[in-house]
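The values are calculated or read from the model by the stated rules, or taken from the named source; none is laboratory data. Just so we're clear, the structure is a prediction, and the values are computed from it rather than from any experiment. In this analysis, Cβ positions are derived from the backbone assuming ideal geometry, glycine residues included, and neighbour counts consider all displayed protein chains.
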Amino acid sequence: MIRSTCGIFKANDGRSTRGSAVSPANREDGAVERVQAIRGMNDILPDAVHWWQLVEKTAREVLELYGYREIRTPVVEKLELFARSIGESTDIVEKEMYAFPDRKGQWLALRPEATASVVRAFIEHNLQADPLARKFYTIGPMFRHERPQKGRYRQFHQIDAEVFGIDDPMLDAEVMVMLCHFLERIGLEGVGLHINSLGCPACRPSFREELKKFLHDRAAHLCPDCDRRRHVNPLRVFDCKVDRCREALVGAPQLVDHLCGACARHFEKVRGYLTGLDVPFTVDPRMVRGLDYYMRTAFEVVTDRLGAQNAVGGGGRYDGLMRDLGGPDLPGIGFAIGIERLILLLQQGQSLAAKTPDVFLAILGEQAAIEGFRVVQALRRRGIAVEVGYGGGSLKSQMRRADKLGVSHVAILGEEELQKGVIVLRNMAEKSQREVPLADMTGVLGAVIPLARDGRRQ
Ligand code: AMP
């Protein structure tokens, strides 16, 4: 099974890249070539990183409120793990995985999603034995070789949550409610919750056959990919974004109409719990999600504000996956939120002030530098963020720098102040200054900085 997957990647990647992987740093004209980041893999620069910190911090708070505990797994796994779990005829495995042989010829892959790794770790460490180990979350980079565009990258980041061993439909609803709770807490508005049921191994096969028949009659209208999919994995045709395939699907049979009694009851209860909490949702019978392991509940949080990339997060139930990966037969459910897309949406609605230092210490003279260095450390130990006029320079140039940094206060220490045992403290907003005894410096700033921070926040 795996050999065919490896074959795909070998065909793409048959050449040996060693040797040619390093291009000469110096061009013939003497200029030095710059090494650039890989397309679709982005740097997160300090100006944007506070959004990431806010998202990650809020996610941790909300997830831990619902009893989730953090797990961290490697970003590289055996290729087989993803081929067996996500499904060999999914776009992710067929076309999008970064897969490569290591130096010993073992096929590895950069993880395209987190569920398979968390399930593998659960099995490998026998976490079933630990009563606290049922709800997990992980935050980190995923890799898919898709065509980059706004909201779609080759390295992107997910907040991922997984629960094992609970098949109660209340949990399905709780997982969605938690996702909505998180989005609300972070301030994201205007997103919709779409849900569907994908049936189970008892009811899906007959639906597949009916869908196959429907697609057979419309084969001439399908794109070449879907024409192939209709034989190997007809449900995947619902994922296709090509217009003519979408048109060909008008009037297609719907999974929700073919559920067995147990799946229909499960779905009804999930909807009942959501309605009981007044969580608005839309049943979207065409949403099948791009991974094969889902069964019964599937859901997505969608937006119309990100162009083609309309899913902010999504997930579903995957009751057979743990068993299929050689573990105990425990049900599972989970979801992933894309951090880049979430931040793009948050940035449309509000701005977040970058963190700036509180105080700038301007230093004039070598003796002042020694005392100033001591003062700076004392302030930092009090929790005050200080930036220093390293290397001295004129007072004017140091004040210019302080101004650019946007500090609320500048402390000035020169030889004269040193002799008097004082420091000049300038309030930048009020444009006033006063002398403060050096010994009182940390106490005075400890009192005024929290007020200045509050003022800046308003
Ligand atoms: P999936 O694992 O495909 O269900 O994706 C879950 C979420 O991850 C999506 O709703 C997106 O927010 C995000 N995501 C998936 N693929 C990408 C990508 N290539 N670039 C950025 N975000 C992505």
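Which ones in region 144-186 are touching a strand residue (DSSP E or B) at 6+ places or on another chain (Cβ under 8 Å), within 14 Å of the ligand (Cβ to nearest atom), under 25 Å from ALA109 (Cβ atoms) and of a type in the set (Phe, Trp, Tyr)?
Within region 144-186, just PHE156 meets the criteria.
Would you point out the residue of region 154-177, among those that are within 21 Å of LEU54 (Cα to Cα) and under 16 Å from the mean Cα position of the chain (by Cα), that is surrounded by the fewest Cβ atoms within 10 Å (Cβ to Cβ)?
Looking at residues that are within 21 Å of LEU54 (Cα to Cα) and under 16 Å from the mean Cα position of the chain (by Cα), I get GLN155.
Can you confirm whether ASP47 is touching a residue at least 40 places away in the same chain (Cβ under 8 Å), of a type in the set (D, E, K, R) and under 26 Å from VAL288 (Cβ atoms)? Walk me through it before giving the result.
On the way: touching a residue at least 40 places away in the same chain (Cβ under 8 Å): yes; of a type in the set (D, E, K, R): yes; under 26 Å from VAL288 (Cβ atoms): no.
Considered against the rule, which asks whether it is touching a residue at least 40 places away in the same chain (Cβ under 8 Å), of a type in the set (D, E, K, R) and under 26 Å from VAL288 (Cβ atoms), ASP47 comes out as no.
Of the residues that make up region 132-149, is at least one surrounded by fewer than 17 Cβ atoms within 10 Å (Cβ to Cβ) and in a helix (DSSP H, G or I)?
No, because not a single residue in region 132-149 is surrounded by fewer than 17 Cβ atoms within 10 Å (Cβ to Cβ) and in a helix (DSSP H, G or I).
State yes or no: is ILE92 modelled with pLDDT under 95, aliphatic (A, V, I, L, M) and out of contact with any Ser or Thr (no Cβ under 8 Å at 6 or more places or on another chain)? Give the steps one after another, and end with the answer.
Values: modelled with pLDDT under 95: yes; aliphatic (A, V, I, L, M): yes; out of contact with any Ser or Thr (no Cβ under 8 Å at 6 or more places or on another chain): yes.
The answer is yes for ILE92.
Filter region 272-310 for residues that are surrounded by fewer than 17 Cβ atoms within 10 Å (Cβ to Cβ) and among the hydroxyl-bearing types (Ser, Thr, Tyr); which is nearest to LEU193 (Cα to Cα)?
Looking at residues that are surrounded by fewer than 17 Cβ atoms within 10 Å (Cβ to Cβ) and among the hydroxyl-bearing types (Ser, Thr, Tyr), I get THR282.
Please determine, by comparing only the residues of region 79-98 that are within 16 Å of the ligand (Cβ to nearest atom) and outside any helix (DSSP H, G or I), which one is nearest to LYS241 (Cα to Cα).
It comes out as THR90.
Output yes when any residue across region 320-336 is within 12 Å of the ligand (Cβ to nearest atom), surrounded by 18 or more Cβ atoms within 10 Å (Cβ to Cβ), at negative phi and not small (Gly, Ala, Ser), and no when none is.
Yes, there is a match, as at least one residue in region 320-336 is within 12 Å of the ligand (Cβ to nearest atom), surrounded by 18 or more Cβ atoms within 10 Å (Cβ to Cβ), at negative phi and not small (Gly, Ala, Ser).
Suppose the filter is away from the ligand (no atom under 11 Å from the Cβ), farther than 30 Å from ALA99 by Cβ and part of a strand (DSSP E or B); does ILE195 pass it?
Values: away from the ligand (no atom under 11 Å from the Cβ): yes; farther than 30 Å from ALA99 by Cβ: yes; part of a strand (DSSP E or B): yes.
It is true that ILE195 is away from the ligand (no atom under 11 Å from the Cβ), farther than 30 Å from ALA99 by Cβ and part of a strand (DSSP E or B).
Among the residues of region 64-76, how many are buried (at least 17 other Cβ atoms within 10 Å of the Cβ) and either free of Cβ contacts under 8 Å to residues at least 60 places away in the same chain or within 16 Å of the ligand (Cβ to nearest atom) (or both)? Let's see the steps before the verdict.
Going residue by residue through region 64-76, those that are buried (at least 17 other Cβ atoms within 10 Å of the Cβ) are 68, 71, 73.
This time we only want the ones that are either free of Cβ contacts under 8 Å to residues at least 60 places away in the same chain or within 16 Å of the ligand (Cβ to nearest atom) (or both), so: 73.
So the answer is 1.
Inspect all residues belonging to region 383-391 and state whether any of them is in a helix (DSSP H, G or I), surrounded by fewer than 21 Cβ atoms within 10 Å (Cβ to Cβ) and either within 16 Å of the ligand (Cβ to nearest atom) or modelled with pLDDT of 95 or more (or both). Spell out how you get there, then give the answer.
In the first step, residues of region 383-391 are kept if they are in a helix (DSSP H, G or I); the result is none.
No, that holds for no residue.
Would region 347-360 turn up any residue that is among the hydrophobic types (A, V, I, L, M, F, W, C), crowded, with 16+ Cβ neighbours inside 10 Å and within 16 Å of the ligand (Cβ to nearest atom)? Can you show your working first?
Step one: filter region 347-360 for residues among the hydrophobic types (A, V, I, L, M, F, W, C), giving 352-354, 359-360.
Then drop every residue that is not crowded, with 16+ Cβ neighbours inside 10 Å, which leaves 359-360.
Cutting the leftovers down to within 16 Å of the ligand (Cβ to nearest atom) gives us none.
No, there is no match, as no residue in region 347-360 is among the hydrophobic types (A, V, I, L, M, F, W, C), crowded, with 16+ Cβ neighbours inside 10 Å and within 16 Å of the ligand (Cβ to nearest atom).
Looking at LEU79, LEU110, LEU54, which is the one that is in contact with a Leu (Cβ under 8 Å, 6 or more places away or on another chain), under 30 Å from ARG229 (Cα atoms) and not hydroxyl-bearing (Ser, Thr, Tyr)? Steps first, answer last, please.
Working: LEU110 fails: in contact with a Leu (Cβ under 8 Å, 6 or more places away or on another chain); LEU54 fails: under 30 Å from ARG229 (Cα atoms).
Only one candidate qualifies: LEU79.
Which of the following residues is touching a residue at least 60 places away in the same chain (Cβ under 8 Å) and within 10 Å of the ligand (Cβ to nearest atom): ARG289, ARG305, ARG296, ARG317? Break it down into steps so the answer makes sense when it comes.
On the way: ARG305 fails: within 10 Å of the ligand (Cβ to nearest atom); ARG296 fails: within 10 Å of the ligand (Cβ to nearest atom); ARG317 fails: within 10 Å of the ligand (Cβ to nearest atom).
Being touching a residue at least 60 places away in the same chain (Cβ under 8 Å) and within 10 Å of the ligand (Cβ to nearest atom) holds for just one of ARG289, ARG305, ARG296, ARG317, which is ARG289.
If you check every pair at least six apart or on different chains, which have Cβ atoms under 7 Å apart with a residue in region 245-258 that is under 16 Å from CYS200 (Cα atoms) first and a residue that is of a type in the set (Ser, Thr, Tyr) second?
LEU255/SER197; VAL256/SER197; HIS258/SER206
Quick one: how many residues across region 319-373 are of a type outside the set (Phe, Trp, Tyr), farther than 30 Å from GLU417 by Cβ and assigned to a strand (DSSP E or B)?
First, pick out the residues of region 319-373 that are of a type outside the set (Phe, Trp, Tyr): 319-334, 336-359, 361-372.
Checking the rest, the ones that are also farther than 30 Å from GLU417 by Cβ come to 319-334, 336-354.
The next check asks that each one be assigned to a strand (DSSP E or B); those that pass are 332-334, 336-338.
Summing the residues that are of a type outside the set (Phe, Trp, Tyr), farther than 30 Å from GLU417 by Cβ and assigned to a strand (DSSP E or B) in region 319-373 gives 6.
Select from region 99-124 the residues that are part of a loop (DSSP other than H, G, I, E, B) and within 12 Å of the ligand (Cβ to nearest atom) and write down the one among them that is nearest to TYR137 (Cα to Cα).
ALA114
From the list VAL376, VAL359, which one is modelled with pLDDT of 95 or more and closer than 30 Å to LEU54 by Cα?
Details: VAL376 fails: modelled with pLDDT of 95 or more.
Going through VAL376, VAL359 in turn, just one is modelled with pLDDT of 95 or more and closer than 30 Å to LEU54 by Cα: VAL359.
Which strands (runs of 3 or more DSSP E) does region 396-458 wholly contain that include 2 or more residues that are modelled with pLDDT under 95 and at positive phi?
Qualifying strands (runs of 3 or more DSSP E): none found.
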